1. Within the range 81-104, track down each residue that is outside any loop (DSSP other than H, G, I, E, B) and either farther than 18 Å from PRO57 by Cβ or out of contact with any helix residue (DSSP H, G or I) (no Cβ under 9 Å at 6 or more places or on another chain) (or both).
2. Take ASP53 and tell me if it is at pLDDT below 90 and of a type in the set (Asp, Glu).
3. If we scan the range 14-32, do we find a residue that is part of a helix (DSSP H, G or I), closer than 22 Å to ASP134 by Cβ and open to solvent by 50 Å² or more (accessible area, probe 1.4 Å)?
4. Count, please, the residues in the range 40-60 that happen to be aliphatic (A, V, I, L, M) and either assigned to a loop (DSSP other than H, G, I, E, B) or surrounded by fewer than 17 Cβ atoms within 10 Å (Cβ to Cβ) (or both).
5. Under 6 Å by Cβ, and 6 or more places apart or on different chains, what pairs join a residue from the range 96-123 that is closer than 27 Å to GLU36 by Cα with one that is of a type in the set (Lys, Arg) and assigned to a helix (DSSP H, G or I)?
6. Among (1) open to solvent by 80 Å² or more (accessible area, probe 1.4 Å); (2) under 20 Å from ARG6 (Cα atoms), which single condition is ALA76 missing?
7. Exactly one condition in (1) within 19 Å of LEU71 (Cα to Cα); (2) hydroxyl-bearing (Ser, Thr, Tyr); (3) surrounded by 12 or more Cβ atoms within 10 Å (Cβ to Cβ) is not met by THR97; state its number.
Amino acid sequence: MGTRGRIFAMLVSRSFEAVGITFEEEPVFQQIAPAEWYQEFAGRHGLKLRVDDSYNPDFLLGDGSWAEATLSENTAFKKLFRYGHQAPQLQVIWLDTDDGLHKRLCGGIEFPNAYVRPFDWYFPKLRETSNGADIIRQST
């Protein structure tokens, strides 16, 4: 992850704190068997389903769901196939609009356990907090 990506991850972290979402940063999970839905979808569309010995999402939220922060909208959809197949619930938060294969294939699909959201989805809640305006300003 480059400097801009680390800054964005820090802004997501500050946003979670501001709106009261509890989290742990960069937990490590041992390999979890891939969910059947993801295996079928990836096979049907020729997408690679990444299976590793361990996984290290950006955040583990207080409700047990995983969260990933990424700069690119297309990369956000790619991350569904890096983490979504073993996460109980996953949200991927992106900053910059772009296009690519994963976005085109997955953009209109409702995933059984995952959401891909732009960072500005959090803006209404952030505006209600004392330092939310500062976080919003830093992200634009």
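The values are calculated or read from the model by the stated rules, or taken from the named source; none is laboratory data. Every value quoted in this text rests on a predicted model; they were computed, and no experiment measured them. Here the Cβ positions follow ideal geometry from the backbone for every residue, glycine too, while neighbour counts run over all protein chains shown. Calculation scope for accessible area: heavy atoms of the full protein, side chains included, ligands and nucleic acids excluded. Shrake-Rupley method; radii C 1.70, N 1.55, O 1.52, S 1.80 Å.
1. Our first condition is that a residue be outside any loop (DSSP other than H, G, I, E, B); within the range 81-104, this holds for 81-84, 90-96, 101-104.
Across the range 81-104, the qualifying residues are ARG82, TYR83, GLN91, ASP96, LEU101, LYS103, ARG104.
2. On the way: at pLDDT below 90: yes; of a type in the set (Asp, Glu): yes.
Spelling it out, ASP53 is indeed at pLDDT below 90 and of a type in the set (Asp, Glu).
3. Here is the first cut: in the range 14-32, the ones part of a helix (DSSP H, G or I) are 14-19.
Adding the requirement that they be closer than 22 Å to ASP134 by Cβ leaves 14-19.
With the extra rule that they be open to solvent by 50 Å² or more (accessible area, probe 1.4 Å), the set shrinks to 14, 17.
Yes.
4. Step one: list which residues in the range 40-60 are aliphatic (A, V, I, L, M), which gives 42, 47, 49, 51, 60.
Filter again for either assigned to a loop (DSSP other than H, G, I, E, B) or surrounded by fewer than 17 Cβ atoms within 10 Å (Cβ to Cβ) (or both), leaving 47, 49, 51.
Selection size over the range 40-60: 3.
5. Close Cβ pairs (under 6 Å, with a partner that is of a type in the set (Lys, Arg) and assigned to a helix (DSSP H, G or I)) amount to HIS102/LYS78.
6. The one condition ALA76 does not meet is (1).
7. Result: THR97 passes all but (3).
To keep it simple, each residue is scored yes or no on (1) basic (Lys, Arg); (2) at pLDDT below 90.
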residue	(1), (2)
GLY84	no, yes
THR97	no, no
PHE111	no, yes
LYS125	yes, no
GLU128	no, no
ASP134	no, no
